[in-house]
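A.B. asks: Sending over a structure as structure tokens; questions will come in a sec.
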Amino acid sequence: MDVAPKVTFDKSFVSDYDQEKGKLALRELRINNYKEIFKHLKKFLKPNSRGLEVGCAYGLFLEMCRDNNIACTGIEPEPDLAERARQSGHQVITGFFPDDLKGQVSNVDFIIFNDVFEHIPDIKKTVESCHQLLSKDGVLIINLPLSSGFFYKAGTLLYKLGRKQPMERLWQLQFHSPHFHYFNKENLTRFVEANGFKLDNFHHLTTITKDSIKHRIEMDKNQSIVKKATIGIIKLFLPLINTLPKDIGCFYFKPIK
């Protein structure tokens, strides 16, 4: 596991991250990835199953749960995002997992972290809390970027050559919610299994699409000529990039109880 040095979560929620550009950049990609997750999730579900999404943002996954007749509550630390999700009709708790649940959720059939787990400083407490909250036959789902993927490997090489910006962008150091950790398949599995779980399934998810590249770069309000040039470079090499080691993994862990 790679750990970021001296980073903090800025609870003012103000940074170089452009929330609207982020929503636009990631919506189509996440819809397609969530559809893939639902194919695997459904084998774990029973009638009347209930779930919890940690870090639900404005409620895209919750919306897809509703469309699939799956009851799912969200918890989201950013008040504005939590309120937007509630206005869309979702049940969302404002606050941080697990401290702000305050008994409102228990014995759920699945807990899911969609690009969230890597943003959490105390991951041991997080996994232990998931173990307590899940039903005996429940499942913990974590999808997150991998340190074994092409973009992280490329960022590491550029960092060693003195070009620090790509790696800093991967860690989202200029955003109010940076990455605290980067995992690969082996060390995340080891960590979660050491805290009462067993890996049941794993698959990769799509990292980037041609249509989302421009908005994804523009998520960072602090633009530069180099960043804008990156849009064209990635578009040009995207077919090759898609053949290289995958950058997002989705894990399904069963609790040992």
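The values are calculated or read from the model by the stated rules, or taken from the named source; none is laboratory data. Fair warning: this is a prediction, and the values are worked out from it, not measured in the lab. Note that each Cβ is placed from the backbone with ideal geometry, even for glycine, and that neighbours are counted across all protein chains shown.
A.B. asks: Report, by residue number, each residue of segment 57-69 that is in contact with a helix residue (DSSP H, G or I) (Cβ under 7 Å, 6 or more places away or on another chain) and buried (at least 18 other Cβ atoms within 10 Å of the Cβ).
C.D. replies: Applying the first criterion (in contact with a helix residue (DSSP H, G or I) (Cβ under 7 Å, 6 or more places away or on another chain)) to segment 57-69 yields 57-62, 64, 68.
57, 58, 59, 60, 61, 62 - these are the residues of segment 57-69 that are in contact with a helix residue (DSSP H, G or I) (Cβ under 7 Å, 6 or more places away or on another chain) and buried (at least 18 other Cβ atoms within 10 Å of the Cβ).
A.B. asks: Just checking, how many residues over segment 113-159 are among the polar types (S, T, N, Q) and over 20 Å from residue 40 (Cβ atoms)? Can you show your working first?
C.D. replies: Going through segment 113-159, the residues among the polar types (S, T, N, Q) turn out to be 114, 126, 129, 132, 135, 143, 147-148, 156.
When the remaining residues are screened for being over 20 Å from residue 40 (Cβ atoms), the result is 126, 129, 132, 147-148, 156.
So the count comes out to 6.
A.B. asks: Let me ask something additional. Every residue in segment 134-151 that is crowded, with 19+ Cβ neighbours inside 10 Å and closer than 14 Å to residue 253 by Cβ, please.
C.D. replies: 134, 138, 139, 140, 141, 142, 143, 144 - these are the residues of segment 134-151 that are crowded, with 19+ Cβ neighbours inside 10 Å and closer than 14 Å to residue 253 by Cβ.
A.B. asks: For the condition touching a strand residue (DSSP E or B) at 6+ places or on another chain (Cβ under 8 Å) and in contact (Cβ under 8 Å) with a residue 12 or more places away in the chain, what is the one hit in 26, 60, 45? Show your work before the answer.
C.D. replies: Values: 26 fails: touching a strand residue (DSSP E or B) at 6+ places or on another chain (Cβ under 8 Å); 60 fails: touching a strand residue (DSSP E or B) at 6+ places or on another chain (Cβ under 8 Å).
The conditions single out 45.
A.B. asks: Just one of the numbered conditions (1) outside any helix (DSSP H, G or I); (2) among the β-branched types (Val, Ile, Thr); (3) modelled with pLDDT of 95 or more is not true of residue 37; which one?
C.D. replies: Of the numbered conditions (1) outside any helix (DSSP H, G or I); (2) among the β-branched types (Val, Ile, Thr); (3) modelled with pLDDT of 95 or more, the odd one out for residue 37 is (1).
A.B. asks: So, of the residues in segment 68-104 that are more than 21 Å from residue 132 (Cα to Cα) and basic (Lys, Arg), which turns out to be modelled with the highest pLDDT?
C.D. replies: This residue is 86.
A.B. asks: Another one. With the requirement that a residue be crowded, with 16+ Cβ neighbours inside 10 Å and either among the aromatic types (Phe, Trp, Tyr) or more than 14 Å from residue 71 (Cβ to Cβ) (or both), what does segment 39-56 give you?
C.D. replies: Start the filter on segment 39-56 by keeping residues that are crowded, with 16+ Cβ neighbours inside 10 Å, which leaves 40-41, 44-45, 49-56.
Correct list: 40, 44, 54, 55.
A.B. asks: Further question on the same structure: Determine which single condition residue 42 fails, assuming it passes every other condition in (1) modelled with pLDDT under 95; (2) over 14 Å from residue 78 (Cβ atoms); (3) touching a Lys or Arg at 6+ places or on another chain (Cβ under 8 Å).
C.D. replies: (3)
A.B. asks: Could you check segment 145-247 for helices (runs of 4 or more DSSP H) lying wholly inside it with 1 or more residues that are under 23 Å from residue 30 (Cβ atoms), at pLDDT below 75 and touching a Pro at 6+ places or on another chain (Cβ under 7 Å)?
C.D. replies: Values: elements: 150-160, 165-170, 185-193, 213-218, 225-241.
No helices (runs of 4 or more DSSP H) qualify here.
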